[in-house]
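These notes concern the structure reproduced below.
The values are calculated or read from the model by the stated rules, or taken from the named source; none is laboratory data. Note that the structure is a prediction, hence the values are computed from the model and not measured. Cβ placement follows ideal geometry from the backbone for every residue including glycine, while neighbour counts extend to all protein chains displayed.
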Amino acid sequence: MSGCRVGVIYGEEMLLYSFPQPHPFRKDRIERFYEKLPELEKEFPGQIIRVKPRMATLEEVLFYHEKEYVDFVKNMSMDGYGYLDYGDTPAFKGCYEASLYVVGSTLKLVDLVMKGEIDHGFNPMGGLHHARKGRAAGFCIFNDASIAIKYLLDKIGLNEVLYVDIDAHHGDGVFYDFYYDKRLKHVDFHQDGRTLYPGTGFAHERGGGEAAGTKLNIPLMPGAGVGEFMENWEKLVERFLNDVDPEFILLQAGADGLIGDPLTGLEYTEEVHYFVAKRLHKLAEEKCEGRIVAMGGGGYNRDNIVKAWSAVVRALATPP
Ligand SMILES: [Zn+2]
Ligand SMILES: [Zn+2]
């Protein structure tokens, strides 16, 4: 086999998760990436597999979320106005179904990878890492990453999952809802919480109880670029990875850390995304038969989104 087969979620259902103007999280983020896809398909002939989105079932959403919250979203989705949180995440008509497509599609990739029908997966709409068990937050309604983690650990019965989050914002939903779960190893690079939403993710927070030491927060100050990222990866992450033994790897590859993002102050280039996806791809091939799924996460500069996500797909398609 020359290259790896990467399943990429592709379908207009993924455009449904789109907040009303002038919200920065709209469907053109995904449309721009989809316009680029034929180029990637040409670069890696036969290796990019378009995977149709699917809706999650209610049962799947309840692997993680609370029933009262799910009902709340369903009702707000029918009305289509007001906010799901304190002002970042507006309801819109059909936001319930749109969210089910995000979750179902990430789970579909997880299943296809587990069955070996694809080698790796990428859901550009996935990685809604701020949503908590019982509430929406930061543009995130249902947390597909957390649901996939619960699915892998509790339903499939894996012993350990590695979640790496390089979105400019701290992955607080995943981080705090698994804070006491030692089965989830979590590495999170983000802009320092004193300078950016959600204001969390400090280096001293390492997991609680028997999970102490299983989480690694790496906050960077505004202006940090590829150099600072790499330095911290070498110094902190490589040592952390020595002690992990994942059976599945999830990457939240938010593009909002790239220089020029309108919401954040980090100054990465897509080199960071290529490096991380490649390194984790290698780890997955060494530790868990290549089982890795990446999710698009945030990103509000449309050109940066295309660059960062293309870099992730390239790194997964190229044998490490
Ligand atoms: Zn591979
Ligand atoms: Zn973000």
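Brief remarks on what is shown
- Residues in segment 153-178 that are free of Cβ contacts under 8 Å to residues at least 40 places away in the same chain and surrounded by 18 or more Cβ atoms within 10 Å (Cβ to Cβ): Leu153, Phe178.
- Only one of the numbered conditions (1) touching a Leu at 6+ places or on another chain (Cβ under 6 Å); (2) within 16 Å of ligand 1 (Cβ to nearest atom) is violated by Phe240, and that is (2).
- Residues within segment 292-319 that are within 13 Å of Val6 (Cβ to Cβ) and more than 16 Å from ligand 2 (Cβ to nearest atom), tallied: 11
- Within segment 254-293, restricting attention to residues that are within 16 Å of ligand 1 (Cβ to nearest atom) and part of a loop (DSSP other than H, G, I, E, B), the residue that is farthest from Gly199 (Cα to Cα) is Glu289.
- As a summary of the residue check, Asn143 satisfies the conditions (1) more than 12 Å from the chain's Cα centre (by Cα); (2) farther than 13 Å from Gly298 by Cβ except for the one numbered (1).
- Here Ile249 meets each of (1) outside any strand (DSSP E or B); (2) of a type outside the set (S, T, N, Q); (3) more than 16 Å from ligand 2 (Cβ to nearest atom) with one exception, condition (1).
- Elements of type helices (runs of 4 or more DSSP H) in segment 1-96, at least 3 residues being at pLDDT 95 or above and of a type outside the set (Asp, Glu): 28-43, 67-79
- Cross-chain or 6+ apart pairs with Cβ under 7 Å, segment 295-320 first and in a loop (DSSP other than H, G, I, E, B), then surrounded by fewer than 19 Cβ atoms within 10 Å (Cβ to Cβ) and aliphatic (A, V, I, L, M): Tyr300/Leu263
- Residue count for segment 301-320, restricted to those that are within 16 Å of ligand 1 (Cβ to nearest atom) and more than 18 Å from Glu41 (Cα to Cα): 1.
- Segment 63-92 residues that are within 25 Å of Leu107 (Cβ to Cβ), paired with ones that are among the acidic types (Asp, Glu) (beta carbon under 9 Å, 6 or more apart): Phe63/Asp154; Tyr64/Asp177; Ser77/Glu97; Ala91/Asp79
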